[in-house]
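Trainee: There's a structure below that I have some questions on.
Read the figures in this text as sums done on the coordinates, not as results from a lab. A quick note: this is a predicted structure, and the numbers were derived from the prediction, not measured. Cβ placement follows ideal geometry from the backbone for every residue including glycine, while neighbour counts extend to all protein chains displayed.
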Amino acid sequence: MSKVSSLSKAVEEIPDGASIMIGGFMGVGSPLKLIDELIRQGKHDLTIIANDTAKPGFAIGKLIDAKAVSRLVASHIGLNPETQKQMIAGEIEVELVPQGTLAERIRAGGTGLGGVLTKTGVGTVVAEGKQTIDVDGDTYLLEKPLIAQFALIYAWRADHFGNLQYELTARNFNPPMAMAAGTVIAEAGEIVPVGVIPPDQVETVSVIVDTLVGRED
Amino acid sequence: MSKVSSLSKAVEEIPDGASIMIGGFMGVGSPLKLIDELIRQGKHDLTIIANDTAKPGFAIGKLIDAKAVSRLVASHIGLNPETQKQMIAGEIEVELVPQGTLAERIRAGGTGLGGVLTKTGVGTVVAEGKQTIDVDGDTYLLEKPLIAQFALIYAWRADHFGNLQYELTARNFNPPMAMAAGTVIAEAGEIVPVGVIPPDQVETVSVIVDTLVGRED
Amino acid sequence: MNAKEIIAQRVAQEMNDGDLVNLGIGLPTMVANYLPAGVRCFFQSENGIIGMQPLDGPGSALDALTDAGGSPTSVIPGAAAFDSVASFGFIRGGHLDVTVLGGMQVDEDGMLANWMIPGKMVPGMGGAMDLVAGAKRVIVAMTHTAKGAPKILKKCNLPLTAVRRISLIVTEMAVIEPTAEGLVLREISPEVTVDDVKAATEASLIVAPDIGVMKLAA
Amino acid sequence: MNAKEIIAQRVAQEMNDGDLVNLGIGLPTMVANYLPAGVRCFFQSENGIIGMQPLDGPGSALDALTDAGGSPTSVIPGAAAFDSVASFGFIRGGHLDVTVLGGMQVDEDGMLANWMIPGKMVPGMGGAMDLVAGAKRVIVAMTHTAKGAPKILKKCNLPLTAVRRISLIVTEMAVIEPTAEGLVLREISPEVTVDDVKAATEASLIVAPDIGVMKLAA
C-alpha cells in the first residue's frame, strides 16, 4: 500500500488552472521540489492558497516569477515585491486574508464546518461584503471555508502509508491543508517503513495522503 | 516556575457550584485522583462538561454516585444507568450534545470563535431552539462556544512548566478542554524536568496550564 | 450462522481496500472479522484512533488504548492517535469512507433513528449524529425486526439521527438500498422469499429487476 | 540611545514574569533584549512556536526553526511547536498576554492602522488583525512622527487593523494610554517637554495629573 511516486508523475496529475494549497511560511516548510516541478512542467493559470509568496527566487516566489499564478489567496505578500507588482498590474488576482482567519477557513474546509465565526476583521475593510452574525451580544464575521483540488505538503518524515511528521516551524499551514484538498501530495525529507512512527507522533494521518514524493527523488 | 501543587491544595481552589470540564472517554484519560479529591472535599452543585459519565463507581461516575453534579453537558450517558436515573428524577439537568459538536464547541470556546457551524443535528431534536445559518445553499446549525471555570486534565507526562503529552486514546477531550477553561489543573502520570519533552512532542503548551499534580501525590 | 453473523458478513462485502471505516459498538464491530481476502481497511474509533485491530490477548491490554465502548483494543503498524476534535474532523469533513451503525428504525425516505426512545431510553447520541451526517456511506446493520415488529417503517416515529438518506440497510433477511424513488430490495437471504421480506417490512419495497441472493459462507 | 532603543526599553518594562508575548517584526523584536531582571516571558511567534529566543550564533541555525519574518531563531528549554491553526487559537482565544506591534497611525479613539496604504503599499495584514483583535494587551511601539508628520492623529485615515482600543502607545517621546475619555499622556522622555509632545501630536492629549518621566538606562 505504498504511496511513493516519482516527482514528475506526482505533479503530472495536476492540470493547468488547478486550485492548489501549498504549505510553508516564508518558504519554511514549503515543498520545494514539488514547486520546482510545477514550474518545470510549465503549469499555469494556477490558483494558489498559501500563507505568503516567500520572496522572489525562493519557494512559492518561483511560481510568481514564472507567472504561473492567476489567483492568490494569502495573508501576506509584503516581502515579495514581484507579487505586489503583478497584483497592481492586474496579472494576479489577490485575496488578502488575516492569517488566523486563513488558517481557520482551511480548517473549516477540511473538517466539514460551514464557516468560521471570528472577531478578526470586524469593522475593517476585511468585513466588506461579508455577513456578520451576532452571538449573545458579540458580533462575529462569517468567513467561508476554503478547499482546493490539491494540497502540496512538506513533511519532515513520512512512512509508506503516508503518515506524516513535521519539524518545528516548518509545520505551519501543512497539517490543515492536508485535510482540505481533494488530492494530497506530500514531499517528505525521509520515508521510513510503516510502524517506525509511533501512533502518538503521527501528525497527519495516512488515510488523507494520496501521493508521497521523497526529497532525494 | 514550577507549577507542581499538592492534590488537596489544587482542588481546594475549586468552589462549590463551579463549572468544570473533565477530560476522558469512558474514564480513559480522566484525571482519576482529581475526581476522587473533589469527592473527598465534598464539592457539590457542580456543572460538569465531559464526553460521558463513565460507569457507576468509576471516574466521573463517582461524582454522579456522590450526587455532586447538578448540571451535565455530555454526549453519551447510556453506559451509566445512575446518571439516567438522576436525570429522570430531575436531580441532574442534562444537556446532550453530539460528540463532534461537543468537541468543536469546546474548541471554539478556547480559541475565540463565536460558534460552530455544523450540519450535525440539522432537522433533528438537537436543532430545536437554535439558529440555522445558510452558507452558499447549505444549512448549518449554529452551536455556541463552551467554556468553564476549571478544566481537569489527565496527561501521560508533564514538565515542570506544564507542557503536556498524552497517550493514545487517553488524549480525547483533554487537549481542547485545556484551552477552554479559566484555570487548568493537570494530573500527570509523570513530571519531568523542563527540556525533556522536545518542542515537537508538546501537545498542550505550558502557558495555558496553571497547576500540576503528580500521579503519586 | 446466527442473524448477527449473517449481517456482519454481508456488510463486510461492502468494504473496499484502503477504506477508512468506523464501526459502531456491538454488531457493527463484528464486521472487521469478515473482510474479504485482499481487503484491508483502516478502522477508526471516534475516541481518537485510526488503525484499530482486535487485541492479541488479554495480556496486551493497555489502559490508554480502548475502543469507543471503553474496551481494550490494539493497533496495526502505522496507526495514528489524535484528540476528539481531530477525530470528528475526519468524520464531519467527509474523510470517512464508510460508517456501519445499528438502527432502531429506518423509513421509506432512508432516514435513520437510532439514538433515543423518548421517555424510556435516553443514552445520548454520542458520535452517531456526526457519523450519519458526515460519512461518505452510511450502512445500517440491524436485525430485520425487533420482537417480531418491523423496524423498516413507512415513517420513523422515533427522533431521527440525521436528515440524510442512508446508503444501505443490511439485515439477516435482505439488503435494501434507500433511493430517491424509495427502498429498493437488492438481495434476499437464501433462507427467505421476497414475500417473507415484504411481510416483515412495514415500508413499501421496490423489488430490483436484478434482485440477487446474499452470498454467505457456509 | 537611538529612538528605537528607547522605545524597546520602555516597552520591555510593561512585561510581567510568565507573560505570553508576541513581538512583531522589526522594532518590537528588540523588546526581548531589555526585559527587566527577574522577568521571564514566553515569546510566541505566529508561525508556530512558543519559547523563542535569539540564536546563539549563525552556526546553530536550522532551516525549520525561524521567526515570523523567516529569520533563523532558537528556543528555550520547554519550548513548544505547533501549526498555524493552533498558533492563532492562542491569539484569538485570549491566551496571549501582550502583543507589541509597530504602527502607522493611532487615533484619539485608540484605533490602530498598521497594515496598508491604499494604492501604495498593500503587503497584507499577516497576523496583525488577529493579534490586535485577540491579545489581552496591545502595545503599539513606534516613532512619534514619520518624516516630521504626526502619526498620532485625531482620526486614522488609513484602513484600521481592528475596531478595538489598543492598550498603550510607546514612542521615543512619550507613553500614551488610550482610554474611553481620550489619549492620556502618562510619561514623557527626559529629553522633551509636554509641549514638545503636544506639538508632535495631532490628537488631543489629556495630561495625566501624575505624569512621570520615562525611566531609561543610560
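Trainee: Can you list, shortest first and in nm, the gaps between the label point of C:SER71 and those of its counterparts in the other copies, using a point 7 Å from Cα in the C-beta direction?
Mentor: Label-point separations across copies, in nm and ascending: 5.9.
Trainee: Please give the charge dipole size of the stretch D:3-213, origin at the Cα centre, charges +1 on K and R Cβ atoms and -1 on D and E Cβ atoms. Round to the nearest 20 debye. Don't skip to the end; give the middle numbers.
Mentor: Working: 15 positive and 23 negative charges, 90 e Å.
In total the dipole reaches around 440 debye.
Trainee: Using a Förster distance of 25 Å, how high is the FRET efficiency between A:VAL135 and D:GLU181, based on the Cβ-Cβ distance and rounded to 0.05?
Mentor: On the way: r = 30 Å, r/R0 = 1.20.
Calculated transfer efficiency: 0.25.
Trainee: Take the Cβ-Cβ distance between B:LYS67 and C:ASN157 as r, set R0 to 35 Å, and report the resulting FRET efficiency rounded to the nearest 0.05.
Mentor: It comes to 0.50.
Trainee: Using only the alpha-carbon atoms, how far is helix D:3-12 inclined from the longest principal axis of chain D? Give it as 0 to 90 degrees, nearest 10.
Mentor: 70
Trainee: Given points 7 Å out from each Cα along the Cα-Cβ axis, report the A:GLN41 to B:GLU13 separation in nanometres with one decimal.
Mentor: Result: 5.5 nm between the two label points.
Trainee: How shielded is B:87-99 by partner chains, expressed as the average number of their Cβ atoms within 10 Å of its Cβ atoms?
Mentor: On the way: counts 1, 3, 0, 0, 0, 0, 0, 2, 1, 8, 3, 15, 15.
Mean number of neighbouring Cβ atoms from other chains: 4.
Trainee: Using the 10 angstrom Cβ neighbour count as an exposure proxy, how do C:SER87, A:SER70 rank, fewest first?
Mentor: Ordered from fewest to most neighbouring Cβ atoms within 10 Å, C:SER87, A:SER70 come out as A:SER70, C:SER87.
Trainee: HN-Hα J couplings of the stretch D:55-63 from phi, Karplus 6.51/-1.76/1.60, θ = phi - 60°, integer Hz, Gly and Pro as x?
Mentor: Computed from phi, the couplings for the stretch D:55-63 are 5, 4, x, x, x, 9, 5, 10, 3 Hz.
Trainee: Put the label 7 Å from Cα along Cα→Cβ for A:LYS130; what are its distances to the other copies, in nanometres, shortest first?
Mentor: 2.3
Trainee: Aspartates and glutamates within cross-link reach of B:LYS119: Cα-Cα under 16 Å, excluding same-chain residues under 8 positions apart?
Mentor: Correct list for B:LYS119: B:GLU104, B:GLU128, B:ASP134, B:ASP136, B:ASP138, B:GLU143, C:ASP130.
Trainee: Could you tell me which of rounded, prolate or oblate describes chain D, using a ≥ b ≥ c as the square roots of the eigenvalues of the alpha-carbon gyration tensor, with rounded for a/c under 1.5 and, failing that, prolate when a/b is larger than b/c and oblate otherwise?
Mentor: Here chain D falls in the prolate category.
Trainee: Between copies, how far apart are the D:LYS198 label points? List them in nm, one decimal, shortest first, with each point 7 Å from Cα toward Cβ, please?
Mentor: For D:LYS198, the other copies' label points sit at 9.8 nm, shortest first.
Trainee: Kindly provide the helix-only [θ] at 222 nm of chain B, computed as the sum of -39,500 (n - 2.57) over DSSP H runs of four or more divided by all residues, to the nearest 500 deg cm²/dmol?
Mentor: Values: 6 runs with 48 residues, N = 217.
The helix-only estimate for chain B comes to -6000 deg cm²/dmol at 222 nm.
Trainee: If you count, for every residue in B:157-167, the Cβ atoms of partner chains within 10 Å of its Cβ, what is the mean?
Mentor: Mean number of neighbouring Cβ atoms from other chains: 3.
Trainee: Among DSSP beta bridges lying fully in chain B, give the percent that are antiparallel, nearest 5.
Mentor: So the antiparallel bridges in chain B amount to around 30 percent.
Trainee: Could you compute the FRET efficiency for D:SER60 and B:GLN201, with r as their C-beta to C-beta distance and R0 at 25 Å, rounded to 0.05? Don't skip to the answer; put the middle values down first.
Mentor: Values: r = 21 Å, r/R0 = 0.82.
My answer for the efficiency is 0.75.
Trainee: Within a 10 angstrom radius of the beta carbon, how do C:HIS144, B:HIS160 rank from fewest other beta carbons to most?
Mentor: In order of increasing Cβ crowding within 10 Å: B:HIS160, C:HIS144.
Trainee: Let me confirm one metric for peptide B:185-196, namely the mean number of other chain beta-carbon atoms within 10 Å of its residues' beta-carbons. Please list the in-between numbers first.
Mentor: Working: counts 0, 0, 0, 0, 1, 0, 0, 0, 2, 5, 5, 2.
Mean number of neighbouring Cβ atoms from other chains: 1.
Trainee: If a/c stays under 1.5 just call it rounded; otherwise compare a/b with b/c (prolate if a/b is bigger, oblate if not). Do that for the protein assembly as shown, with a ≥ b ≥ c from the square roots of the Cα gyration tensor eigenvalues.
Mentor: prolate
Trainee: Put a dot 7 Å past each Cα toward the Cβ at C:ARG40 and D:LYS120; how far apart are the dots in nm?
Mentor: Those two pseudo-labels are separated by 6.2 nm.
Trainee: Based on other C-beta atoms within 10 Å, arrange A:ILE49, A:ILE133, A:ILE88 from fewest to most.
Mentor: Final ranking by Cβ density, sparse to dense: A:ILE88, A:ILE133, A:ILE49.
Trainee: Oh, and also: Determine the shape class of chain B: with a ≥ b ≥ c the square roots of the Cα gyration tensor eigenvalues, call it rounded for a/c under 1.5, and otherwise prolate if a/b is greater than b/c, oblate otherwise. Could the numbers behind the result be given before it?
Mentor: Numbers: a/c = 2.12, a/b = 1.29, b/c = 1.64.
Cα axes put chain B in the oblate bin.
Trainee: Just which residue of chain C brings its Cβ nearest the axis of rotation onto chain D, and by how many angstrom, rounded whole?
Mentor: Closest to the rotation axis on chain C: C:VAL85, 5.
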